[in-house]
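See below for the structure under consideration.
The values are calculated or read from the model by the stated rules, or taken from the named source; none is laboratory data. Predicted model only: the values in this text are computed from it and were never measured. Cβ placement follows ideal geometry from the backbone for every residue including glycine, while neighbour counts extend to all protein chains displayed. For the accessible areas, the whole protein counts, side chains as well, though only heavy atoms, and no ligand, DNA or RNA atoms are used. Shrake-Rupley method; radii C 1.70, N 1.55, O 1.52, S 1.80 Å.
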Amino acid sequence: MKINIVSTFCFLMFVTFGLLVAVLGRLLSATARRRLTNVFLLAVLFISFGAGLTQHNLWPFSSWPVLAYPAPTDGNYPALPRIMGVDSSGNEYDIDYRAWRPLGLEELLSWIKLHLARLDPAARDCVGAYLLGRSNLARVQALSSAGLPYPNPWFGPLTAPTHMLHPAIWSHPESVPHNSFVGLRVYEETWNVEERSHDPQRVTRVLAFDYRQ
Amino acid sequence: MMRLLVPSWWTLAWDRFWFAPGSPRNLAGARITFAAYSLWVLLSRNLPEMSGLPPVFWSQVGASARWRYLDFPGHPDLERVLVWITAIALLGAIVGVLPRFSCFVSGLLLYHLAPLESLIWIPHPYARGLTISVIALLTLSFSPCGDCWAFLRPRGDQPPTQSGDYTWPIRLLQLYLVQIYFFSGYAKVMVVGWKWASASNIRSWMLRCTQNEQIRVFHALGTWIAARPLACWCVGIGTLLFEFGLVTALFSKRARWVLVPLVAVFHLGILLSMNLVFLNVPQLLVFANWDVLTAWFKSLVRHQPSREQKNALREASFPP
């Protein structure tokens, strides 16, 4: 909460000083205008370096902690959720990342990791029903001749990708499951990077959520 | 060294950095670049639909985060209207119809819209493509960015001249971009320490990104690097050197020539080895000298470059 308040204050300060430069600056002499611009520049430097050097993310003045995490010394990373569709025969299938739109896959997985377990059963079922509906709709679209649509049809393949790339596993109709999903499962996957570099199948899966229609 | 202790030296250096005479074309080029880029990212996302997600997805978003951006669930139609207003404002900024007002409106609306992408779990959507756009468009709106390449200008027809008022906004935009790398390097050293650059850490990152089937699109380069300790050391040390060294592009023309194009190569390497996309690369055009580029473009159109244009091109492609 504190960080939200401080960030809002910093953003409002940025906009206020900027507007003063833009509006008041026209009415002032060149020297006074320069002085006002200097105040604005100092304010921006203070906010942006304050965010970066203290590593407090005051978005849009970000601290940019890109990949600033230590790799685990034992090679075991935290568990990563993986969503699977289940058909009436009990077969499991991976689901194309485009099925979750408007949610980006990394946003959805992060949300699941942080919040899904904390929800009560009714709320979890609500999530399950929504995701099942999205995955079945995407499955039908992927099987059609048009395929899964881009978020913006005008841009087509030039649509800006998300921060993480994801393989488009339902790009060809033959790779799309032909039967409707009747359930969804969320697994938590863990693996040791060194062990998996020798054997790609060495992954531990724990069922975290099982939804049936 | 003694001159560093003299206050007037700092004042002069400050003025030289922020207020050296600059061209209105550079500012107009930045306006068009940032507006076009922001429009591309905005229309590539389905941000209004995020407001229409089932309420359960929003249940964990705190009140302070919602009020901070005025983002609330259940208003996809309103958000759709706001996206269209933002898109129209960005188009206005590109073609120069009330350019400063357009930049201001689009910057403010992007501050509201961009967090929708990730607000359900995190209140700061950095690295998703619109972070720099918000502060850059607002900065442009505070500056005379409509004095050149604009259809409708709030002021009358004035011949663009060199002025310090065209320089400080460009410097600020360049600083925003350079800070991404500087703070990214700083965060690595602060959180992990210098051992972030070690071969074992880089190998672990490469393996993690290439083994995760949910993000694995490219894997050959990452696996190749992970298998070679020397390559891992080079990537680790090179990354920190590059992230801290890019600051020099603000002060040195030679550094700009070398490092700014290297940013694109750097991100291509990250994309191919770790499957991570950094969209802001087109914004690096803010380092370009648009006077020179315009002269070059005109010479292409005319097929007979003048001697002055040739000399200008030979001399520099980046502003001093």
Filter the stretch A:31-76 for residues that are in contact (Cβ under 8 Å) with a residue 60 or more places away in the chain and touching a strand residue (DSSP E or B) at 6+ places or on another chain (Cβ under 6 Å); the one that is surrounded by the fewest Cβ atoms within 10 Å (Cβ to Cβ) is A:N76
Whether any residue in the stretch B:168-190 is at pLDDT below 95 and open to solvent by less than 20 Å² (accessible area, probe 1.4 Å) is what I want to check.
no
Here the residues within the stretch B:183-194 that are part of a helix (DSSP H, G or I) and facing chain A (nearest Cβ under 7 Å) are B:F183, B:S184, B:Y186, B:A187, B:K188, B:M190, B:V191
Looking across the stretch B:13-36 at residues that are at the interface with chain A (Cβ under 9 Å from one of its Cβ atoms) and open to solvent by less than 30 Å² (accessible area, probe 1.4 Å), the single one that is nearest to A:P153 (Cα to Cα) is B:W18
A:P72 vs (1) closer than 30 Å to B:A197 by Cα; (2) more than 13 Å from chain B (Cβ to nearest Cβ): all pass except (2)
Exactly one of A:L24, A:L19 is in a helix (DSSP H, G or I), open to solvent by 30 Å² or more (accessible area, probe 1.4 Å) and either touching a helix residue (DSSP H, G or I) at 6+ places or on another chain (Cβ under 6 Å) or within 8 Å of chain B (Cβ to nearest Cβ) (or both), and that one is A:L19
Of those in the stretch B:271-301 that are without any contact (Cβ under 8 Å) to a residue 40 or more places away in the chain and open to solvent by 40 Å² or more (accessible area, probe 1.4 Å), the residue nearest to the chain's Cα centre (by Cα) is B:V281
Residue hits (the stretch B:225-252; open to solvent by 70 Å² or more (accessible area, probe 1.4 Å) and in contact (Cβ under 8 Å) with a residue 40 or more places away in the chain) are B:I237, B:F251
How many residues of the stretch B:167-182 are more than 9 Å from chain A (Cβ to nearest Cβ) and part of a helix (DSSP H, G or I)? The answer is 6
Scanning the stretch A:133-161 residue by residue, those among the aliphatic types (A, V, I, L, M) and within 12 Å of chain B (Cβ to nearest Cβ) turn out to be A:L158, A:A160
| said: Can you confirm whether A:R134 is farther than 30 Å from B:I270 by Cα, out of contact with any strand residue (DSSP E or B) (no Cβ under 8 Å at 6 or more places or on another chain) and assigned by TED's automatic domain parsing to the domain that holds A:P78? | reply: yes
Across the stretch A:167-203, the tally of residues that are within 11 Å of chain B (Cβ to nearest Cβ), open to solvent by 60 Å² or more (accessible area, probe 1.4 Å) and in contact (Cβ under 8 Å) with a residue 40 or more places away in the chain stands at 3
Of B:A231, B:A197, B:A136, the only residue that is more than 9 Å from chain A (Cβ to nearest Cβ), under 20 Å from B:S38 (Cβ atoms) and not β-branched (V, I, T) is B:A136
When restricted to B:P144, B:P123, B:P154, the only residue under 26 Å from A:I3 (Cα atoms) and at pLDDT below 95 is B:P123
Residues of the stretch A:4-16 being in contact (Cβ under 8 Å) with a residue 12 or more places away in the chain and more than 8 Å from chain B (Cβ to nearest Cβ), in sequence order, are A:V6, A:C10, A:M13
Of A:V182, A:V203, the only residue that is modelled with pLDDT under 95 and of a type in the set (V, I, T) is A:V203
Taking first residues from the stretch A:104-124 that are facing chain B (nearest Cβ under 7 Å) and second residues anywhere that are of a type outside the set (V, I, T), the pairs with Cβ under 6 Å that are 6 or more apart or on different chains are A:L105/A:Y97; A:L105/A:H166; A:E107/B:S118; A:S110/B:W121; A:W111/B:W121; A:L114/B:W121; A:H115/B:Q60
The condition from (1) in a helix (DSSP H, G or I); (2) β-branched (V, I, T); (3) surrounded by 21 or more Cβ atoms within 10 Å (Cβ to Cβ) that B:I215 misses is numbered (1)
Counted residues in the stretch B:40-65 being outside any helix (DSSP H, G or I), open to solvent by less than 20 Å² (accessible area, probe 1.4 Å) and within 25 Å of A:I3 (Cβ to Cβ) come to 2
By residue number, the members of the stretch B:45-64 that are facing chain A (nearest Cβ under 7 Å) and in contact with a Lys or Arg (Cβ under 8 Å, 6 or more places away or on another chain) are B:N46, B:E49, B:Q60
B:I88 passes all but one of the listed conditions (1) more than 14 Å from chain A (Cβ to nearest Cβ); (2) part of a loop (DSSP other than H, G, I, E, B); the exception is number (2)
Across the stretch B:66-97, the tally of residues that are open to solvent by less than 10 Å² (accessible area, probe 1.4 Å) and in contact (Cβ under 8 Å) with a residue 60 or more places away in the chain stands at 2
Of the residues in the stretch B:118-156, those that are surrounded by 24 or more Cβ atoms within 10 Å (Cβ to Cβ) and touching a Lys or Arg at 6+ places or on another chain (Cβ under 6 Å) come to B:L140, B:S141, B:C145, B:G146
